[in-house]
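The values are calculated or read from the model by the stated rules, or taken from the named source; none is laboratory data. These numbers come from a predicted model, not from an experiment. Positions of Cβ are backbone-derived with ideal geometry, glycine not excepted, and every protein chain shown enters the neighbour counts.
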Amino acid sequence: MGRILAIDYGQKRVGLAVTDPLKIIATALATVTAGEALDYIIKYCAQNEVEAIVIGMPVQMNGEPSESQKHIRPFVGRLQKALPEMQIKFADERFTSKMAFQTMIDAGVKKMARRDKGTVDRISATIILQDFLGC
C-alpha cells in the first residue's frame, strides 16, 4: 500500500503532507522552496511508496480558477513529466491557509511562531490531504 502525498504549492514555498501507508492519518511533511519542490518530491517518491499526489488548486468563490493556478499548472506539467506513472489528483484548497492559521491559534501556538509561513504551508497541505481523505 502506498502513501498519498499532498502539495500546497505557492510561488515562494511549497507545503507538503503525507499519509501513513494505510492512508488513515495525514501528517505534515516539510516546507521547501518552490525551486526545490520538484527535486524534493521526486526524491521522496523514490524513497517511499507513493501511490498518488494530491495538489491543492485554488478556486475563487464563484468556482472560477484563481489567478494562482497560472503558477501551479506549469509545476504540475513538470511533475507529470518527471513522474509519468504517478496518479496526480486535484483538490479545492479554498480557505486552507486561513484554516491552518486558525488551527495554530486553537492549538495555542504563540504569536511569534504563527508568523512562520512554512508552518502555515505544512498545515495547509495537511488540511488539503485530510479533506481529500474525507476526514
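For every residue, the table says whether it meets (1) in a helix (DSSP H, G or I); (2) on the phi > 0 side of the Ramachandran plot; (3) touching a strand residue (DSSP E or B) at 6+ places or on another chain (Cβ under 9 Å); (4) at pLDDT below 90.
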| site | (1), (2), (3), (4) |
| --- | --- |
| 21 | no, no, yes, no |
| 31 | no, no, yes, no |
| 55 | no, no, yes, no |
| 70 | yes, no, no, yes |
| 102 | yes, no, no, yes |
| 130 | yes, no, yes, yes |
Inset, instruction - Give me the pairs, please: first residue somewhere in segment 30-46 and closer than 14 Å to residue 77 by Cβ, second residue anywhere and assigned to a helix (DSSP H, G or I), beta-carbon distance under 7 Å, and either six or more positions apart or on two chains. - result: 38/78; 38/79; 38/82; 41/79
Inset, instruction - Answer yes if at least one residue in segment 59-67 is in a loop (DSSP other than H, G, I, E, B), at pLDDT 95 or above and surrounded by fewer than 19 Cβ atoms within 10 Å (Cβ to Cβ), and no otherwise. - result: no
Inset, instruction - Can you confirm whether segment 34-47 contains a residue that is modelled with pLDDT under 75 and either under 14 Å from residue 131 (Cα atoms) or outside any loop (DSSP other than H, G, I, E, B) (or both)? - result: no
